[in-house]
Amino acid sequence: MSIGEVLDAKFVSISNMLQKLKGTKCPPSSLLIMFPHCIQWSKCPQKITLDLNECKACGKCKVMDLIALSEKYGVQLAVATGGRAALQKVKSEEVRGVIAIACEKELRIGLMAAFPKAIVSVPNLRPNGYCKDTDVTMEDVEQSVRNFLEESESEKETPEPE
Ligand code: SF4
């Protein structure tokens with residue numbers, strides 16, 4: 001690991017700690033999961049960057065799981081295709097919380113560019129190196145979603161046992 005990679009990882013880890021202390025909550029419709037295109041299986045012919053509905057849910061990559069998770073919780077899901085579009089989406093007013101999946105370097109750049117947006121970072125897994133057939137631990141993504149979401153109305157209304 002290079003010094004740059006170590007520093008990026010530290011930056012991301014400290015940012016996540018601060019975000020945890022801040023404890024931002026938001027409704028599902030204001031929560032965005034953003035993932036990098038390199039999570040898509042490199043041999044997949046589907047044009048998911050144009051439309052996530054293009055995914056055939058074959059299970060060869062985590063795009064299928066990310067779509068299922070976003071549907072389960074009713075949160076927004078977007079592919080980060082690089083450039084300004086992704087940053088604009090993250091910074092938009094209707095997005096109050098972001099779960100960003102990427103390598104530590106991209107996360108650090110995104111965190112700095114989108115400050116002070118509430119962003120929780122989930123570093124990706126790179127069994128094939130950077131930018132190709134990357135992966136993510138879905139349990140980490142789901143836990144981050146749960147941490148962001150406000151208590152449901154039913155939970156709020158349920159009185160604590162005496
Ligand atoms: S899960 Fe979707 S995006 Fe991934 S390889 Fe299959 S069809 Fe392509």
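Annotations for the structure displayed:
- Ranked Thr49, Thr81, criterion: other C-beta atoms within 10 Å, fewest first: Thr81, Thr49
- Rounded to whole Hz, the Karplus (6.51, -1.76, 1.60) HN-Hα couplings of region 65-75, x for glycine and proline: 5, 5, 5, 4, 5, 5, 6, 4, 9, x, 9
- When the chain is treated as a Gaussian network with alpha carbon springs shorter than 10 Å, the biggest mean-square fluctuation among Ile99, Ile33, Ile14 belongs to Ile14.
- Over the chain: helical MRE at 222 nm, DSSP H runs n ≥ 4 each giving -39500 (n - 2.57), nearest 500: -12500 deg cm²/dmol
- DSSP beta bridges confined to the chain are antiparallel in about 5 percent of cases.
- Distance from the alpha carbon centroid of region 48-81 to that of region 1-31 works out to 22 angstrom.
- Structure note, pairs Lys25/Lys91; Lys60/Lys89; Lys22/Lys62; Lys25/Lys72; Lys25/Lys89; Lys47/Lys91: Cα-Cα distances above 23 angstrom occur for Lys60/Lys89; Lys22/Lys62; Lys47/Lys91.
- Packing-based exposure ordering (other Cβ within 10 Å, fewest first) of Phe148, Phe11: Phe11, Phe148
- Listed residue (Ser70, Pro127, Ile33) projecting farthest to the positive dipole end of the chain, Cβ model: Pro127
- Placing unit charges on the Cβ atoms only, positive for Lys and Arg and negative for Asp and Glu, gives the chain a dipole magnitude near 860 debye about its Cα centre.
- Among Asp135, Asp65, Asp51, residue whose mean-square fluctuation peaks in a GNM of the chain (springs only between Cα atoms under 10 Å): Asp51
Where a number appears in this text, it was derived from the coordinates with a stated rule and is not lab data. All values derive from a computational prediction rather than experimental measurement. Because the Cβ atoms are built from the backbone with ideal geometry, glycine has one as well, and the counts that use them run over all protein chains shown.
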